[in-house]
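Novice: Below is the structure I would like to discuss, written out as structure tokens.
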Amino acid sequence: MNFDFSDDQKTIQDQARLVLSRECPPDRARQALEHARAYDETLWKQVAELGWPAIAIDEEFGGLGMGYLELCVIAQELGRAVAPLPFTASVYLATEAVKLCASDTQKAEWLPQLASGDAIACVALPETRSINHGAINTVTASDAILNGTAQAVLHGHAADFAIVAARDDAGRMAFYKADLNNSAIQRQVQPTIDPSQAMATLQFTDAPSEPLGNGEGFSHCYQQLLDRAAVLLSFEQIGGCEAVIDMAKTYTEGRYAFGRQVASFQAIKHKLADMFVAKELAKSNAYYGAWAMTDGERELPLAAATARVSAINAYYLCSKENIQAHGGMGFTWEFDCHLYYRRAQLLSSVIGSAPVWKNRLTEQLLTA
Amino acid sequence: MDFKDTPEQAAFRAEVRQWLTANARPKQSGAGRPSQAERYDDAKRWYKKVADAGFACLDWPKEYGGAGLSQIHKVIWSQEVANYAEPDGYFVIGIGNCGPAIMHFASEQQKQHLLPRMASAEDVWCQMFSEPSAGSDVAGLRTSAVKQGDKWVVNGQKIWTSGAQHSDYGVILCRTDTEVSKYRGMTMFYIDMRQPGVDVKPIKQMDGDAHFNEVFFNDAEIPDSQRLGEIGGGWGAALLVLMNERLAISGVQPDGFPELLQLVKTLQIDGEPVSDNPSVREHLADWYCQHAGIKASTNRMLTAVAKGGMPGAEAALGKLVGAVMNQDIANYALQLLGESGPVMNPDFAPQQAHFQKTALFSPGIRLAGGTDEVMRNIIAEQVLGMPQEPRADKGMAFKDIPSGNQSA
Ligand SMILES: Cc1cc2nc3c(=O)[nH]c(=O)nc-3n(C[C@H](O)[C@H](O)[C@H](O)COP(=O)(O)OP(=O)(O)OC[C@H]3O[C@@H](n4cnc5c(N)ncnc54)[C@H](O)[C@@H]3O)c2cc1C
């Protein structure tokens, strides 16, 4: 047993952290909040040049041919930096959907663009459960002609093409690829709780598309896609947790009250200990998910659900208690606390929120 | 990152499995946990059997009764033996805490004499740190050892000593100098528990059992050759023991999850499987995340140890989370069982026994080996590096430190 990242993987992580601390201080996310840009294009170009979107794509399709472990450590650093990038949409979701469902010809056409970062893609997922105020995704496909609306599509505004889950005339779900630079598709930015990860509404009116692969086997494909995204996102969430634990510690050590460092009060120390414990459990579960994604397909559904639920819980706890530890400063726009709190909220709802994933987890436990 | 056994580890696992199939008793469903006292003779037999087969203290050198293998082999052993109803962790305090102290500080001759007998539980060991006025603040201990020629004379009292009534030897921390500050005036020894001047009185616990004890010392003599470490170096030695304690516990401490899952799989309420109940499912998911997280964190720690690191203060995490969870799960399970939850009649209610015992025993686990609060202090100060508590006794000679209520 060896339950750690390799030295090479750690080197990749250290370099990523260095680059991001230079190129992407948390202020970049605040700028995205203030200027309502779809994403940070300069930064995207930089990380594309570094090859990050290409990490888990095979060399024959223009990728670097590394594994998910390398992508996990990058995810952790992007989370630490609250990077305003379309990474989740384009890399964890769209690229993986293509890898899972597309034909070899399609992969040969699309993956190189995704790997180089020249193309950004988004995914319109089917909703994990329908909420009473209306469906998130009503798109239908008739001979691959798409009609209907997909809401809350992460980075839908920045994307060049979309992978859309749609139901055909026979009621079967499949993924379709649609070029977004087409007048048959109307796009509108949807304001979200974390504008540094913008969402969009995509409205399809007789929009042409192409089914991924032969359009079969959607369910398996979709479940695997969710599991992979859950593990990768959990690393982003862990990175965020680590950032806010550091912030809370640094701030309370520098702040004095009643003649002592605020960090020396036990209520604050125990708060940080609880944040650390939640983060550490989530991190260990994420590690297990990373291993399962690489090497343990049978374990992946339970491991992914465990990683996701723990990461959601940990990031919420850490990001809200970080605000608390900062006092009034924590409630200001100027301080970075809210950037992480917003990101925690957003990441906990994309690809299905905690109740959905707890159910998946329990299902795995009870049927094992 | 790799969870698969190496070929060598796989072969070892197969060997362990084969031996356990032939020698260990299977778990009986619904059977409650017998009390600590009931399990003592049983545990002695089991340890001897394991030692005779060469599976005791796998990571200890062969000449000291171990198998000369690694922590990873120990993990494999724990994983496999967990499928059986054997008292495999019974002597964890002696072996997990006192063992490393002897290994580190005793003479070669002492090690060869003491350790193999400890590994096979032919000798049972206890750890005597806590005192009536020194628990969380264990460095406040007052039991004195005064040097007379080449021996030490011990007077005072220890308390909460697990298993002292069965023990042949104990590792004891004593005050040897009251003129210096409290952390600098302690020395560690091992002592023969059967000798004159040592009196053991079991204390009845809240669960009705009596596994821990008061131990009184009246002019008990310890030869200087049984000193462990330098005179005045007791605190450093104690930290080594406590660090190993957390590592030892992290592998064997129950958190209650497997029993809860079993209950949820079988229990019906109003004719409906309780596993369909959304609130039960939510609890199950949250606790599983902690259960899996502790296990995976322990594996991360063991990986670090296998690479030559020391078990860090991170080990406090598993103890903290597991102990609280074990108690809360027991309470939750008894709630699920409704009006029959509190009835302690195994014929009427076979599923209760485990949770009832746990409900009554688990409060002790949150205290033993450092309380929840002390674990949080350790994480905050030693892992996160936050400022220490302001201490009222800083820089004072031990004899000048005020003491409060000393009776427990
Ligand atoms: C079942 C069991 C087995 C045990 N076995 C052994 C054994 O074999 N050998 C041995 O030496 N000891 C043993 N102990 C003793 C155990 O280590 C102590 O009980 C424990 O360290 C707490 O000390 P105390 O009981 O004096 O409580 P106290 O230290 O008096 O604590 C009382 C309360 O104050 C809190 N508190 C104390 N200091 C702080 C602080 N700095 N910050 C915040 N809160 C604080 C505690 O968390 C607790 O809630 C055992 C205890 C139990 C319950």
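Novice: Determine whether A:L232 is under 28 Å from A:A56 (Cα atoms), of a type in the set (A, V, I, L, M) and in the same structural domain as A:Q345 (by TED's automatic domain parsing).
Specialist: Yes: the conditions hold for A:L232.
Novice: Working only within region B:273-314, note down all residues that are touching a residue at least 60 places away in the same chain (Cβ under 8 Å), closer than 23 Å to B:L384 by Cβ and open to solvent by 40 Å² or more (accessible area, probe 1.4 Å).
Specialist: B:M310, B:E314
Novice: Here's a follow-up. Which one of these does B:G318 not meet: (1) within 14 Å of another protein chain (Cβ to nearest Cβ); (2) within 16 Å of the ligand (Cβ to nearest atom)?
Specialist: So B:G318 meets the others, but not (2).
Novice: A further question on this structure: Just checking, does region A:299-312 include any residue being of a type in the set (D, E, K, R), within 25 Å of the chain's Cα centre (by Cα) and part of a helix (DSSP H, G or I)?
Specialist: For region A:299-312, residues of a type in the set (D, E, K, R), within 25 Å of the chain's Cα centre (by Cα) and part of a helix (DSSP H, G or I): present.
Novice: Taking region A:103-128 as the region of interest, how many residues are of a type in the set (G, A, S), under 28 Å from A:A305 (Cα atoms) and in contact with a helix residue (DSSP H, G or I) (Cβ under 7 Å, 6 or more places away or on another chain)?
Specialist: 2
Novice: Inside region B:187-206, can you point out the residues that are in contact (Cβ under 8 Å) with a residue 24 or more places away in the chain and open to solvent by 50 Å² or more (accessible area, probe 1.4 Å)?
Specialist: Matches in region B:187-206: B:D192, B:R194, B:P196, B:P202, B:M206.
Novice: Give the number of residues within region A:97-119 that are outside any helix (DSSP H, G or I) and out of contact with any strand residue (DSSP E or B) (no Cβ under 9 Å at 6 or more places or on another chain).
Specialist: Counting residues in region A:97-119 that are outside any helix (DSSP H, G or I) and out of contact with any strand residue (DSSP E or B) (no Cβ under 9 Å at 6 or more places or on another chain) gives 3.
Novice: With (1) closer than 22 Å to B:N299 by Cβ; (2) open to solvent by 10 Å² or more (accessible area, probe 1.4 Å); (3) more than 7 Å from every other protein chain (Cβ to nearest Cβ) as the list, and A:F335 as the residue in question, which single condition is left unmet?
Specialist: (1)
Novice: Residue check: is B:A43 of a type in the set (A, V, I, L, M) and surrounded by fewer than 14 Cβ atoms within 10 Å (Cβ to Cβ)?
Specialist: no
Novice: Further, regarding this structure: Hand me the list of helices (runs of 4 or more DSSP H) wholly inside region A:1-78 holding 1 or more residues that are modelled with pLDDT of 95 or more and within 14 Å of another protein chain (Cβ to nearest Cβ).
Specialist: A:7-23
Novice: Inside region B:347-383, can you point out the residues that are charged (D, E, K, R) and either within 12 Å of the ligand (Cβ to nearest atom) or crowded, with 18+ Cβ neighbours inside 10 Å (or both)?
Specialist: Passing the criteria: B:K357, B:R366, B:D372, B:E373, B:R376, B:E381.
Novice: Would you say B:M386 is of a type outside the set (G, A, S) and more than 8 Å from chain A (Cβ to nearest Cβ)?
Specialist: The answer is no for B:M386.
Novice: Which of the residues belonging to region B:226-272 are within 27 Å of the chain's Cα centre (by Cα), loosely packed, with under 14 Cβ neighbours inside 10 Å and of a type in the set (A, V, I, L, M)?
Specialist: Listed by number, the list holds a single entry, B:L239.
Novice: State whether the residues of region A:314-323 include one that is in contact with a Lys or Arg (Cβ under 8 Å, 6 or more places away or on another chain), open to solvent by 10 Å² or more (accessible area, probe 1.4 Å) and within 24 Å of A:R28 (Cα to Cα).
Specialist: Yes, that holds for at least one residue.
Novice: Moving on. Can you tell me which of A:K269, A:K283 is part of a helix (DSSP H, G or I), open to solvent by 10 Å² or more (accessible area, probe 1.4 Å) and among the charged types (D, E, K, R)?
Specialist: After ruling out the rest, the residue left standing is A:K283.
Novice: Filter region B:169-186 down to the residues that are surrounded by fewer than 17 Cβ atoms within 10 Å (Cβ to Cβ) and either within 15 Å of the ligand (Cβ to nearest atom) or closer than 23 Å to B:A210 by Cβ (or both) and list them by number.
Specialist: B:Y183 - this is the single residue of region B:169-186 that is surrounded by fewer than 17 Cβ atoms within 10 Å (Cβ to Cβ) and either within 15 Å of the ligand (Cβ to nearest atom) or closer than 23 Å to B:A210 by Cβ (or both).
Novice: Can you say whether A:V91 is in contact (Cβ under 8 Å) with a residue 24 or more places away in the chain, within 22 Å of A:M293 (Cα to Cα) and not in a helix (DSSP H, G or I), as far as the supplied structure shows?
Specialist: So A:V91 does not fit the description; no.
Novice: Here's something else I'd like to know. Does B:D219 satisfy being of a type outside the set (A, V, I, L, M, F, W, C), away from the ligand (no atom under 13 Å from the Cβ) and not in a loop (DSSP other than H, G, I, E, B)?
Specialist: Judged against the criteria, B:D219 is a match.
Novice: Write out, first by first residue and then by second, each pair whose Cβ atoms fall under 9 Å of each other, whose residues are 6+ apart or on separate chains, and whose first residue, in region B:354-369, is over 13 Å from B:Q253 (Cα atoms) while the second is within 7 Å of the ligand (Cβ to nearest atom) and open to solvent by 50 Å² or more (accessible area, probe 1.4 Å).
Specialist: Short answer, once both residue conditions are applied: B:L367/B:W160.
Novice: Ok, one more. If A:E297 satisfies all but one of (1) surrounded by 24 or more Cβ atoms within 10 Å (Cβ to Cβ); (2) out of contact with any Gly (no Cβ under 7 Å at 6 or more places or on another chain), what's the number of the condition it fails?
Specialist: Tallying (1) surrounded by 24 or more Cβ atoms within 10 Å (Cβ to Cβ); (2) out of contact with any Gly (no Cβ under 7 Å at 6 or more places or on another chain), A:E297 fails exactly one: (1).
The values are calculated or read from the model by the stated rules, or taken from the named source; none is laboratory data. The structure displayed is predicted, hence computed values, not measured ones. Every residue, glycine among them, receives a Cβ derived from its backbone with ideal geometry; neighbour counts consider all protein chains shown. What goes into the accessible areas is simple: the full protein's heavy atoms, side chains included, and nothing from ligands, DNA or RNA. Shrake-Rupley method; radii C 1.70, N 1.55, O 1.52, S 1.80 Å.
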